[in-house]
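S.K.: Attaching a single structure in structure tokens format; questions to follow.
Every read-out reported here was derived from the displayed coordinates using simple, explicitly stated rules and does not represent laboratory data. Bear in mind that the values here come from a model prediction, so they are computed numbers and not experimental data. For neighbour counting, all protein chains shown are included, and Cβ atoms are generated from backbone atoms with ideal geometry for every residue, glycine included.
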Amino acid sequence: PAFQAADGIRDLASSLVGSEMCIRDSHEITLVPESARVIIRPFIPGESQYVTTIIGRALAFTQEEVACHLGHVLQEFDGRHLDIEQILLANYEKVRGRVFTQQPLSRERELLIGALFSGEYALESAAIFNPSIVPHPDQSDAPEGGLRFIMSLRATGEGHISSIEFRAGTIARDGRIALDPVSRFVTEPEVIPDPSYDRKRFLIKLHEMGVDDQHAAAVFEPLTERFTRSDLNGSVGTVRNECQPATHELHHTLDCIQWLADSNYELQFSAKLAISERIIFPVSPNEANGIEDARFVRFVDDDGSITYFATYTAYNGHDILPQLIRTEDFLHFRVLTLNGDAVQNKGMALFPRRVGGRYAMLSRQDTENLCIMFSDNPHHWSDPQLLLRPAEMWESVKVGNCGSPLETETGWLVITHGVGPLRKYCIGAVLLDLEDPTKVIGRLHQPLLSPEGVEREGYVPNVVYSCGSLIHGRELILPFAVSDRASAIASVSLDDLLAELQSGAESVPCSTE
């Protein structure tokens, strides 16, 4: 469906900078849900008798019937997926143990059984929203004076299950933005079967979970400082066999260890896949109902090395858990749990470099205020300090960040979101001191963006929201979601915005109350 964002956005500028246009352009770029972008997921009944019955029907077909039925399946679905046969064979492997015959099966019959336990899932049939944007790690094709970028988006489909999609594009010297063509194909990465773990971080997280008994000690006693999943599985199996009769405490400890291992995993995409063909779909139990609101940031360490981090909210249908993604190339990803008593709630956003020799993070520790915290380790967070309380009516319910802070010559620019009456979400901005970001230099008294007109309508009405921006030249490139359904991009004059944040703004020290 058509999506008109430009007029409503431009109308907001006068309230921010008088007669000057702070928002230079709302680009003719709109991302709306596309139901044709699908992946194949396992679809296996929970009742074992149904699985056995379905397999029995497939085994009863003659080979000629199998070839005929498989031909119809491939004719109907092959053009919708890059490598459908490998996907169907992988799903067959998930039920191979239920196949009640010792006779070898033909590849065609395995494919047909795999198809019977498969289903298509439309990743973004409900929404594609909450974008963040970072410079592309490969700038070799960037135009002179321009920039290549990668934009992440939260895609939501049936059952409100969220995943991470990507788009690539170019910002020209004159500020024009163009997205690369979007493939109709979407492919999940390989889940690396034997990932490695850091022993110290693993034990810290277990301690936070209250799992540090003698059974856990026995599991980790033979493991080295860096161990693999197979090492862990072997040690868990040994402890399970030696501690007999098994107690409830033993089962609980070993289950928690396995759960934590499942929550830390590695993914690998083929380099042949375009950015828009890569999808990160939930893998671990703690994110079974969604990978939500990834905030990507290009982090430059003191030695000049570059890592792309993203914080996101894992949701299992009942509880949320902040998690961390790290990658150097958007091909290989490590997904990690975070440690520390400040790892809670939503909206963690990492600063793009160390501040005063330490990592810095924005976060929300309650339902209404924005906090800041510092750490010597990007995986461990504690001791949050209150940074910002709601101040204006449009943010009187709560205030949070819209992604990682952006470094400018006058301070750290933080794009914020505020929730006001009738849970209307607006986007604002705050400027923090460059050397001491616990000090607030200024904040906007009026929203930078508000949902207006048709932008108010969607899956969740009256919402504009972003998970990350970037600065190119003297422009703030601000991708944003509208009413939890679609996404657009606006360009904001950086000079006008910084001037507004500094003009007559009182220095507001961080509250310690």
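S.K.: For every other residue with a beta carbon closer than 12 angstrom to the beta carbon of E65, add +1 if it is Lys or Arg and -1 if Asp or Glu, then tell me the sum.
M.R.: Around E65, the surrounding residues sum to 0.
S.K.: What angle, in degrees between 0 and 90 and rounded to the nearest 10, separates the Cα long axis of helix 107-116 from the longest principal axis of the Cα atoms of the chain?
M.R.: The answer is roughly 60 degrees.
S.K.: Where Lys and Arg each count +1 and Asp and Glu each count -1, what net charge lies around G304 among other residues with Cβ under 14 Å from its Cβ?
M.R.: In short, -1.
S.K.: Still on this structure: Grab the DSSP H runs of the chain that are 4 residues or longer, score each as -39,500 (n - 2.57), total them, divide by all residues and round the 222 nm result to the nearest 500 deg cm²/dmol.
M.R.: Only helices count here, giving -6500 deg cm²/dmol.
S.K.: Specify the inter-centroid distance of region 384-429 and region 245-301, based on alpha-carbon positions, in whole Å.
M.R.: Between the Cα centres of region 384-429 and region 245-301 lies a distance of 29 Å.
S.K.: Calculate how large, on average over all directions, the projected area of the Cα convex hull of region 403-462 is; give the answer in nm² to one decimal.
M.R.: Mean shadow area of the hull around the Cα atoms is 5.0 nm².
S.K.: Under unit Cβ charges (Lys, Arg +1; Asp, Glu -1), what dipole magnitude, rounded to 20 debye, does the chain have relative to its Cα centre?
M.R.: The dipole of the chain has a size of about 500 debye.
S.K.: Continuing with this model, one more query. Which listed residue (A342, F296, N316) has the Cα farthest towards the positive end of the charge dipole for region 283-355, taking +1 on Lys and Arg C-beta and -1 on Asp and Glu C-beta about the Cα centre?
M.R.: F296
S.K.: Distance between the C-alpha centers of region 447-475 and region 73-133? Whole Å please.
M.R.: Between the Cα centres of region 447-475 and region 73-133 lies a distance of 37 Å.
S.K.: Positive end of the dipole of region 150-293, charges at C-beta (+1 Lys, Arg; -1 Asp, Glu), about the Cα centre: which of S162, S230, P195 has its Cα farthest in that direction?
M.R.: S162
S.K.: Rg/Rh for region 322-430: what does it come to with C-alpha atoms and Rh from Kirkwood?
M.R.: Expressed as Rg/Rh, it is 0.99.
S.K.: Additional query: Taking 0.36 nm per residue of separation and subtracting the Cα-Cα distance, what length does fully extending Q244 through E93 add?
M.R.: Gain in length upon complete extension: 51.1 nm.
S.K.: Any idea what the relative contact order of the chain is, in percent, if you count C-alpha pairs under 8 Å spaced at least 6 apart?
M.R.: Relative contact order, the chain: 15 percent.
S.K.: Right, here's the next one. As I understand it, the dipole of the chain uses +1 on the Cβ of Lys and Arg and -1 on the Cβ of Asp and Glu, about the Cα centre. Which of P352, I113, P131 lies farthest toward its positive end?
M.R.: I113
S.K.: Rounded, prolate or oblate: which one fits region 370-420, using the alpha carbon gyration tensor with axes a ≥ b ≥ c (rounded when a/c is under 1.5, else prolate when a/b beats b/c, else oblate)?
M.R.: Oblate, since a/c reaches 1.5 and b/c is not below a/b.
S.K.: In whole Å and largest first, what semi-axes does the C-alpha gyration tensor of region 46-134 yield when each eigenvalue is scaled by 5 and square-rooted?
M.R.: Semi-axes from the Cα gyration tensor: 30, 16, 11 Å.
S.K.: Another question about this same structure. What's the magnitude of the charge dipole for region 401-500 around its Cα centre, counting Lys and Arg as +1 and Asp and Glu as -1 at the beta-carbon? Answer in Debye, nearest 20.
M.R.: Roughly 460 debye for region 401-500.
S.K.: For region 86-230, treating each Cα as an identical point scatterer without solvent, what Debye log10 I(q)/I(0) comes out at q = 0.09, 0.12 1/Å?
M.R.: One equal scatterer on each Cα of region 86-230 leads to -0.60, -0.93.
S.K.: A further question follows. Relative to the first principal axis of the alpha-carbon coordinates of the chain, what is the inclination of helix 48-60, with its axis defined by its Cα atoms, in degrees from 0 to 90 and to the nearest 10?
M.R.: That helix lies at roughly 60 degrees to the long axis.
S.K.: How far, in degrees from 0 to 90, does helix 84-93 lean away from the longest principal axis of the Cα atoms of the chain, to the nearest 10?
M.R.: Helix 84-93 and the main axis of the chain meet at about 60 degrees.
S.K.: Still on this model: Just the Cα atoms of the chain, one point each, no solvent: what log10 I(q)/I(0) does Debye give at q = 0.08 Å⁻¹?
M.R.: -0.56
S.K.: How charged is the neighbourhood of G114? Take every other residue with its Cβ under 9 Å from the Cβ of G114, and add Lys/Arg as +1 and Asp/Glu as -1.
M.R.: -2
S.K.: Another question about this same structure. Along Cα→Cβ, 7 Å out, is where each label goes; now give me the distance between the ones at L82 and Q49 in nm to one decimal.
M.R.: With each label point 7 Å from Cα toward Cβ, the separation is 4.2 nm.
S.K.: According to the Kirkwood expression over distinct Cα-Cα pairs, how big is the hydrodynamic radius of region 208-323, in Å?
M.R.: With all distinct Cα pairs of region 208-323 included, I get 17.0 Å.
S.K.: Another question, if that's okay. Can you list the lysines whose alpha carbon sits under 23 Å from that of K439, skipping same-chain ones fewer than 8 residues off?
M.R.: K346, K398
S.K.: Of all the stretches in the chain, which is the longest one without any exposed loop site, taking chymotrypsin sites (Phe, Trp or Tyr not before Pro) in a DSSP loop (any state but H, G, I, E, B) with at most 14 other Cβ atoms within 10 Å?
M.R.: Looking at the chain, 101-513 is the longest stretch - no exposed chymotrypsin sites (Phe, Trp or Tyr not before Pro) with at most 14 other Cβ atoms within 10 Å.
S.K.: Classify region 264-391: rounded, prolate or oblate, from the alpha-carbon gyration tensor (a ≥ b ≥ c, eigenvalue square roots; a/c under 1.5 rounded; otherwise prolate if a/b is larger than b/c)?
M.R.: Oblate.
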